[in-house]
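Below is one structure, written out as structure tokens; comments come after it.
Bear in mind that the values in this text are calculations on the coordinates, not laboratory data. Only a predicted model underlies this, so the values are computations on that prediction, with no experimental measurement involved. Positions of Cβ are generated from backbone atoms using ideal geometry, with glycine treated the same way; all protein chains shown enter the neighbour counts.
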Amino acid sequence: MTRGVYTHQPVMLEEVLEALDPAPDACLLDATFGRGGHARALLARLGPQGRLLALDRDPEAIATARTLAAEDSRVTVAETAFADLARVVDACDLRGRINGILMDLGVSSPQLDDPARGFSFQHDGPLDMRMGEDVVESAADWIARASAEEMARVFRELGEERYARRIARAIATARSEAPISTTGRLADVVAAAHPAWERDRHPATRVFLAIRLHINGELEQATAGLAAAVDVLAPGGRLAVISFHSLEDRIVKRFLRDQERGDPVLRALPLPGDHSGAKLRRIGRARRPSADEVSANPRARSATLRVAERLAEAA
Ligand SMILES: C[S@@+](CC[C@H](N)C(=O)[O-])C[C@H]1O[C@@H](n2cnc3c(N)ncnc32)[C@H](O)[C@@H]1O
């Protein structure tokens, strides 16, 4: 993976600060450090006793986090997928003592904008798309081995692509002529097979998103990461999650709702107190970025922020 200088503007920063509202001695966990935009702003709110655990699965993000940690002793860094966040928290002996967790899901601008990472159909580069070194199979390897049926399923389910089968068949034909190893070639094959180009959207947008979500297991990561986050939060601790597309947001929304409801059977028991097992209380409604933010940073346009607070254990 090549290193480059690419910036990332933190999305919904004021809203995240307001949601987590850390006390000076708070212990925070940024599960998706990226280039540390949110993390730096959170650190500015913490006093000398505060602490921030910074996680990312991307080695370039981790290199930035380590530079920050070398300057700021309140920062601890771990290169890991956030599905494993509980392991890091346990290693620091902080289970039940985390006061705020941020999950800013998806890819960062530096990942998208670096052609060598192979995420974007707008820049030609090797067809890679791996977010971190824990991801074994590149997009090119998956495209080379997946059956047309499997590709169609992924494009339909994860990309919500209407022409999934037609595009998958075109990819299978093209790869039998020559391997598809660059983003440019894949984008061309998809564009040629796509019968309904939309205005303002490259015809390969949904297919690229689907492949990225699939090879990085992003939806599974979100599900496991949310569950782990709830388990490590202190009572009253806050969880703030920013998602960037509907499938991801649906997972977050349902998870927070279910954690607030608890188990309806237990809830109905004729016993004093709450025995439902509910672990969270949602804070406010889903929030979207302001028009000003979207015009300054178009990548914020599809963001949704959801916030919840950890309840104390039921008696
Ligand atoms: C939208 S960016 C975060 C940007 C960051 N908040 C900032 O202000 O710079 C998402 C980051 O999450 C990381 N990421 C995505 N999925 C992850 C996962 N399952 N585990 C750990 N990190 C992940 C990506 O590598 C990327 O660096």
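DSSP beta bridges confined to the chain are antiparallel in about 40 percent of cases. Across q = 0.11, 0.18 Å⁻¹, the stretch 134-276 modelled as identical point scatterers on its alpha-carbon atoms has Debye log10 I(q)/I(0) values of -0.55, -1.01, in the order of the q list. Relative to its Kirkwood radius, the Cα radius of gyration of the stretch 136-216 gives an Rg/Rh of 0.92. Name the residues of the stretch 285-300 whose amide N is less than 18 Å from a point 7 angstrom out from the Cα of residue 160 along the C-beta direction? Those under the cut-off are 286-289, 299-300. Please give the Cα centre distance for the stretch 268-313 versus the stretch 7-35, rounded to the nearest Å. Value for the Cα centre distance between the two parts: 15 Å. Using only the alpha-carbon atoms of the chain as identical scatterers, what base-10 log of I(q)/I(0) does the Debye formula give at q = 0.10, 0.11 Å⁻¹? Treating every Cα as an identical point scatterer, log10 I(q)/I(0) equals -0.60, -0.72.
Cα centroid distance between the stretch 91-146 and the stretch 213-267, in Å? Centre-to-centre (Cα) distance: 19 Å. Loop sites by DSSP among the trypsin sites (Lys or Arg not before Pro) of the chain, restricted to those with at most 14 other Cβ atoms within 10 angstrom, leave 4-94 as the longest stretch without any of them. As a proxy for reagent exposure, ranking 128, 263, 104 by other Cβ atoms within 10 Å from fewest up yields 263, 128, 104. Among the chymotrypsin sites (Phe, Trp or Tyr not before Pro) found in the stretch 1-106, not one is both in a DSSP coil and sparsely packed, with 10 or fewer other Cβ atoms within 10 Å of its Cβ.
Summarising the overall dimensions of the stretch 41-156 from its C-alpha atoms, the Rg and Dmax are 17.6, 56 angstrom. By the count of other C-beta atoms within 10 Å, a proxy for reagent exposure, 197, 142 are ordered fewest to most as 197, 142. Would you kindly calculate the translational diffusion coefficient of the stretch 194-315, applying Stokes-Einstein with the Kirkwood radius from alpha carbon pairs, for 20 °C and a viscosity of 1.002 mPa s, and quote it in µm² s⁻¹ without decimals? It diffuses with D of about 128 µm²/s by this estimate.
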